[in-house]
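**Student:** Could you have a look at this structure, given as structure tokens, before my questions?
The values are calculated or read from the model by the stated rules, or taken from the named source; none is laboratory data. Computed from a prediction, not measured in an experiment: that's the story for all the values here. Here the Cβ positions follow ideal geometry from the backbone for every residue, glycine too, while neighbour counts run over all protein chains shown.
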Amino acid sequence: MKFFENLNFSKLFSKKKIDDNLLDKFEELLIESDVGTEIASELKEKFKKEKIGKEIKDEKEIFEFLGNQISKILEPHERKFDDLNKNSPSIIVVAGVNGVGKTTTIGKLGRLFKDNGKKIVFGAADTFRAAAIDQLELWSKKIGAEFIKSDLGTDPASVGYKTAKFAEENKLDIAFIDTAGRLQNKKNLMEEYKKIFTVLKKINPEYPHETILVLDATTGQNAINQVEEFKKISNLTGLIITKMDTSAKGGILLAISKKFSLPIIAIGMGEKDSDLHPFSSNNFSKILVNNK
């Protein structure tokens, strides 16, 4: 994945000293890469402070600067995987719109915790699509997790309730509750999503312990709208960004971090079971500037 693919920083700075005109173009390129206007302005000012009046030797110098600055911006938002399992059981709701890879992400999360000896249950509360239920059931069989489902069209909140109760009664470590890949602008679907939280809190006011929002790196600025809408209904406790293995301009994560200050749990780099990685600001910045 090349964060600055086709943005041609090397051509912009080739054998030229840094002046205000070049700095403006530098800022424009950053905005094009979805980092957001605030972050672009900050990076421009920091770059100006360090490089104004100096000649850039090659693109590596630019990428090194950007990588270091991106890492500094994101480091405060790192969140460790172990934080997700501080309760017994830990009830985790996973949300996101259609197509972000939410159900697959749940399967990968389950595998990571199962590999560490945790007892897991998946709850298929996306009752609107048979394919989503089937997919999650396949993941449960694949990693050896318990599985809770109901008939197609069943109230999603009832599945969430049964999953949490099952985790309690069987002394499991973590319950992952999948929710429908609802469009954030569909009021009726969002109301059903909200009901899941209402029902869980009837079991225990602390439920769910976590609400993770899965975002697709390819969606750009629309990801900000998704965060805003889901935050209206539930207290988001973490983000997972998928499809970072594509040519997406993953800079949207910087814009989201600036606006919402949400913890970042993991990034998805492909389709394999092992392609979900704990978030590291240092590693992420290297991916963005294509400096693996």
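**Student:** One residue is enough: does region 245-259 have a residue meeting the conditions modelled with pLDDT of 90 or more, of a type outside the set (Val, Ile, Thr) and more than 27 Å from Lys162 (Cβ to Cβ)?
**Tutor:** yes
**Student:** Could you identify the single residue in Gln226, Gln221 that is out of contact with any Ser or Thr (no Cβ under 8 Å at 6 or more places or on another chain), touching a residue at least 60 places away in the same chain (Cβ under 8 Å) and over 15 Å from Val93 (Cα atoms)?
**Tutor:** Among Gln226, Gln221, only Gln221 is out of contact with any Ser or Thr (no Cβ under 8 Å at 6 or more places or on another chain), touching a residue at least 60 places away in the same chain (Cβ under 8 Å) and over 15 Å from Val93 (Cα atoms).
**Student:** Those residues that are assigned to a helix (DSSP H, G or I) and modelled with pLDDT under 80, I need them from region 31-68; list them, please.
**Tutor:** Those that are assigned to a helix (DSSP H, G or I) and modelled with pLDDT under 80: Glu32, Glu50, Lys51, Glu59, Lys60, Glu61, Ile62, Phe63.
**Student:** Ok, one more. Which residues, taken from region 228-276, are crowded, with 19+ Cβ neighbours inside 10 Å, assigned to a helix (DSSP H, G or I) and of a type in the set (Val, Ile, Thr)?
**Tutor:** Ile252, Ile256
**Student:** Output the residues belonging to region 168-193 that are modelled with pLDDT under 90 and not polar (S, T, N, Q).
**Tutor:** Across region 168-193, the qualifying residues are Ala180, Gly181, Arg182, Leu183, Lys186, Lys187, Leu189, Met190, Glu191, Glu192, Tyr193.
**Student:** Looking only at region 210-224, decide whether some residue is of a type in the set (Ser, Thr, Tyr), at pLDDT 90 or above and surrounded by fewer than 22 Cβ atoms within 10 Å (Cβ to Cβ).
**Tutor:** Restricting attention to region 210-224, the residues satisfying the condition of being of a type in the set (Ser, Thr, Tyr) are 211, 218-219.
If we keep only those that are at pLDDT 90 or above too, we end up with 211.
So of that shortlist, the ones also surrounded by fewer than 22 Cβ atoms within 10 Å (Cβ to Cβ) come out as none.
No, region 210-224 contains no residue that is of a type in the set (Ser, Thr, Tyr), at pLDDT 90 or above and surrounded by fewer than 22 Cβ atoms within 10 Å (Cβ to Cβ).
**Student:** Counting only residues that are part of a loop (DSSP other than H, G, I, E, B) and surrounded by 21 or more Cβ atoms within 10 Å (Cβ to Cβ), how many does region 71-100 have?
**Tutor:** 4
**Student:** Run down Phe81, Phe9, Phe3, Phe13 and say which single residue is modelled with pLDDT under 80 and under 21 Å from the mean Cα position of the chain (by Cα). Working first, answer last.
**Tutor:** Values: Phe81 fails: modelled with pLDDT under 80; Phe9 fails: under 21 Å from the mean Cα position of the chain (by Cα); Phe13 fails: under 21 Å from the mean Cα position of the chain (by Cα).
Only one candidate passes the filter, namely Phe3.
**Student:** Would you point out which residue out of Asn68, Asn116, Asn98 is more than 23 Å from Ile233 (Cβ to Cβ) and in contact (Cβ under 8 Å) with a residue 60 or more places away in the chain?
**Tutor:** Residue meeting the stated conditions: Asn68.
**Student:** Now, a different point. Identify all residues within region 162-176 that are of a type in the set (Lys, Arg) and either in a helix (DSSP H, G or I) or within 25 Å of the chain's Cα centre (by Cα) (or both); write none if there are none.
**Tutor:** Passing the criteria: Lys162, Lys165.
**Student:** Oh, and also: Consider region 137-163. How many of its residues are over 16 Å from Lys194 (Cα atoms) and surrounded by 21 or more Cβ atoms within 10 Å (Cβ to Cβ)?
**Tutor:** 6
**Student:** OK, next. Within region 127-167, can you find the residues that are modelled with pLDDT of 95 or more, within 16 Å of Gly96 (Cβ to Cβ) and among the aliphatic types (A, V, I, L, M)?
**Tutor:** Leu136
**Student:** Just wondering, is there one or more residues in region 177-195 that are touching an Asp or Glu at 6+ places or on another chain (Cβ under 6 Å) and in a helix (DSSP H, G or I)?
**Tutor:** No: region 177-195 contains no residue that is touching an Asp or Glu at 6+ places or on another chain (Cβ under 6 Å) and in a helix (DSSP H, G or I).
**Student:** Of the numbered conditions (1) assigned to a loop (DSSP other than H, G, I, E, B); (2) within 13 Å of Glu210 (Cβ to Cβ), Leu109 satisfies every one except a single condition; which is it?
**Tutor:** In the conditions (1) assigned to a loop (DSSP other than H, G, I, E, B); (2) within 13 Å of Glu210 (Cβ to Cβ), Leu109 misses (1) alone.
**Student:** Being without any contact (Cβ under 8 Å) to a residue 60 or more places away in the chain, more than 15 Å from Arg129 (Cβ to Cβ) and part of a helix (DSSP H, G or I) is the filter here, so list the residues in region 144-161 that pass it.
**Tutor:** Scanning region 144-161 gives Ala157, Ser158, Tyr161.
**Student:** State whether one or more residues within region 200-210 are part of a strand (DSSP E or B), β-branched (Val, Ile, Thr) and not assigned by TED's automatic domain parsing to the domain that holds Ile31.
**Tutor:** no
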